[in-house]
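Peer 1: Take a look at this one; I'll ask things after.
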Number of protein chains: 2
Amino acid sequence: MKLSSKGRYAVMALVDLARFNEINPVSLRDISLRQGISLDYLEQIFSKLRKNEIVQSVRGKQGGYILNKKAREIKLTNILDAVDEKVKTVQCKKELKKGCNGKATKCLTHNLWDELETHINNFFDKKSLEDLVQDNLDRRA
Amino acid sequence: MKLSSKGRYAVMALVDLARFNEINPVSLRDISLRQGISLDYLEQIFSKLRKNEIVQSVRGKQGGYILNKKAREIKLTNILDAVDEKVKTVQCKKELKKGCNGKATKCLTHNLWDELETHINNFFDKKSLEDLVQDNLDRRA
DNA sequence: ATAAACCTGACTAAAATAGTCAAGTATCTT
DNA sequence: AAGATACTTGACTATTTTAGTCAGGTTTAT
Ligand code: FES
Ligand code: FES
């Protein structure tokens, strides 16, 4: 199981953005250069972040993106959810009434993966963008 | 991020096996039928489990596989590790002295994913095969 | 007017996943 | 000894996902 780049980039980009957010809109071009992420790929990612109301866009020259909420209120869960990179341990949803194998009953390990998903989401629910920015300042000092 | 079938199958198969382990070797054919997993795929998986000394094989008629340790001593970590399905949050290993972007310095989020990996591994380190079998008995009751 | 920046949708190469298939070898039962 | 059961190994493949690229827009500050 590997973590995807898309999710990682989304968080990286937002941490970068959050650091300059108070002053001016931040252009994707700048983020691209600072973080070494393809501009075109960033545009895909920010399109989703905007649709999920995590950032706001400012069009035209001197435009860019700004956070749509306070950094403290943006949790990792929200970010990963926005770019469709939430952790999915199982495909067999409750509403389907089917197990992972297509049978009517849940498989022997269903509960385990459900527990795991909860465990991971706890981690993501607690961490905010502000925490991450602060973390970086701390380590630099 | 999606959990792979291979890891899920490995755990399912071992829970199944652990339930009958005390009596006789369990054939992959039986596991395949009970759990609805392709026999050929199971063979790949058990080849790895055997090489990692999690199971022992008994060849010939009436053969099959048995656990190589007590169920209590087999942790989820061991199983997932054996089938190469450990969670990898980052590719940028310490020994490489390179960040995920190929640069010399770690990216803004490196620490975060490291923390996450630890958090997930804690979960896997605690759960044993015995726990899982017991869980299933409990729920059936 | 023009350049900076966002916006959109389609496209694609490469990798990973989830298997299948073929050809064995070992051992038990009869 | 013969046959059946079951493990063993390695190669092969279709599908899906990932990680982008590319081509064309539209908006707004200067
Ligand atoms: S039935 Fe839900 S994971 Fe198998
Ligand atoms: S440098 Fe390790 S995740 Fe980016």
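The values are calculated or read from the model by the stated rules, or taken from the named source; none is laboratory data. For clarity, every value in this text was computed on a predicted model and none was experimentally measured. Quick reminder, even Gly has a Cβ in these numbers, built from the backbone with ideal geometry, and neighbours come from all protein chains shown. Accessible surface areas use protein heavy atoms only, side chains included; no ligands, DNA or RNA. Shrake-Rupley method; radii C 1.70, N 1.55, O 1.52, S 1.80 Å.
Peer 1: Per the 1.4 Å probe, what fraction of the accessible area of the protein assembly as shown, in percent, lies on carbon and sulfur atoms?
Peer 2: Reported share for carbon and sulfur atoms: 46 percent.
Peer 1: Below 8 Å between Cα atoms, with a sequence gap of 6+, how large is the relative contact order for chain B in percent?
Peer 2: Value for chain B: 25 percent.
Peer 1: Let me ask another. Count, for each residue of A:116-127, the Cβ atoms from other chains sitting within 10 Å of its Cβ, then give me the mean as a whole number.
Peer 2: 3
Peer 1: At A:Ser5, label 7 Å along Cα→Cβ: distances to the other copies, nm, ascending?
Peer 2: Relative to the other copies, A:Ser5 has label-point distances of 2.7 nm.
Peer 1: Please report, in debye to the nearest 20, how large the charge dipole of the range B:5-140 is about its Cα centre when each Lys and Arg carries +1 at its beta carbon and each Asp and Glu carries -1 there.
Peer 2: In debye, rounded to 20, the range B:5-140 gives about 360.
Peer 1: Measuring nothing but label to label, 7 Å from Cα along Cα→Cβ, what are A:Ala104's distances to the other copies in nm, shortest first?
Peer 2: With the label placed 7 Å along Cα→Cβ, A:Ala104 yields 6.6 nm.
Peer 1: Here's another thing I want to ask about it. Under the rule of -39500 (n - 2.57) per DSSP H run of 4 or more residues, summed and divided by the residues of the protein assembly as shown, what mean residue ellipticity at 222 nm is obtained, to the nearest 500 deg cm²/dmol?
Peer 2: Counting only the DSSP helices, I get -16000 deg cm²/dmol.
Peer 1: With every protein chain left in place, what is the accessible area per residue of chain B in square angstrom, probe 1.4 Å?
Peer 2: 55 Å²
Peer 1: Could you run the Karplus curve 6.51 cos²θ - 1.76 cosθ + 1.60 with θ = phi - 60° over the range A:65-81 and give me ³J(HN,Hα) per residue in whole Hz, x for Gly and Pro?
Peer 2: Those phi angles translate into 10, 10, 5, 9, 9, 5, 4, 5, 8, 9, 8, 4, 3, 4, 5, 5, 4 Hz.
Peer 1: Along Cα-to-Cβ, 7 Å out, sits the label point; list in nm, shortest first, how far the one on A:Arg59 is from those in the other copies.
Peer 2: So the distances to the same position in the other copies read 7.2 nm.
Peer 1: Jot down the per residue volume, in cubic angstrom and as a whole number, of the convex hull over the alpha-carbon atoms of chain B.
Peer 2: 137 Å³
Peer 1: Set the Förster radius R0 to 22 Å, insert the Cβ-Cβ distance between A:Gln91 and B:Asp114 as r into 1/(1 + (r/R0)^6), and round the FRET efficiency to 0.05.
Peer 2: That pair, A:Gln91 with B:Asp114, gives E of 0.20.
Peer 1: Could you tell me the total accessible area buried at the A-B interface, probe 1.4 Å, in square angstrom to the nearest hundred?
Peer 2: 4000 Å²
Peer 1: Continuing with the same structure: Under a point spin-label approximation (7 Å from Cα along Cα-to-Cβ), what is the A:Lys126-B:Asp84 distance to one decimal in nm?
Peer 2: Placing both labels 7 Å along Cα→Cβ, they lie 3.4 nm apart.
Peer 1: Take every residue in peptide A:57-70, count the Cβ atoms of other chains within 10 Å of its Cβ, and give the average of those counts.
Peer 2: Mean shielding count: 0.
Peer 1: Here is a further query. Taking beta carbons within 10 Å but only from partner chains, what does the mean come to for residues B:103-113?
Peer 2: 6
Peer 1: Please name whichever of B:Ser128, B:Leu49, A:Ala18 sits farthest to the positive end of the charge dipole of the protein assembly as shown, dipole taken about the Cα centre and charges placed at Cβ: Lys and Arg +1, Asp and Glu -1.
Peer 2: Working it through, the farthest residue towards the positive pole turns out to be B:Leu49.
Peer 1: Quick check: the distance between the Cα centres of the range B:24-66 and the range A:14-67, to the nearest angstrom?
Peer 2: When both Cα centres are located, 51 Å separates them.
Peer 1: Let's test the formula: R0 of 35 Å, r as the Cβ-Cβ distance of A:Lys51 and B:Ala141. What FRET efficiency results, to the nearest 0.05?
Peer 2: So the FRET efficiency works out to roughly 0.15.
Peer 1: Short version: which residues of the range A:1-22 lose at least 10 Å² of accessible area, all chains versus chain alone, 1.4 Å probe?
Peer 2: Buried-area filter returns A:Met1, A:Lys2, A:Leu3, A:Arg8, A:Val11, A:Met12, A:Val15, A:Arg19.
Peer 1: Under the classification rounded if a/c is under 1.5, otherwise prolate if a/b is larger than b/c and oblate if not, where does the protein assembly as shown fall, given a ≥ b ≥ c as square roots of the Cα gyration tensor eigenvalues?
Peer 2: Note, shape of the protein assembly as shown comes out prolate.
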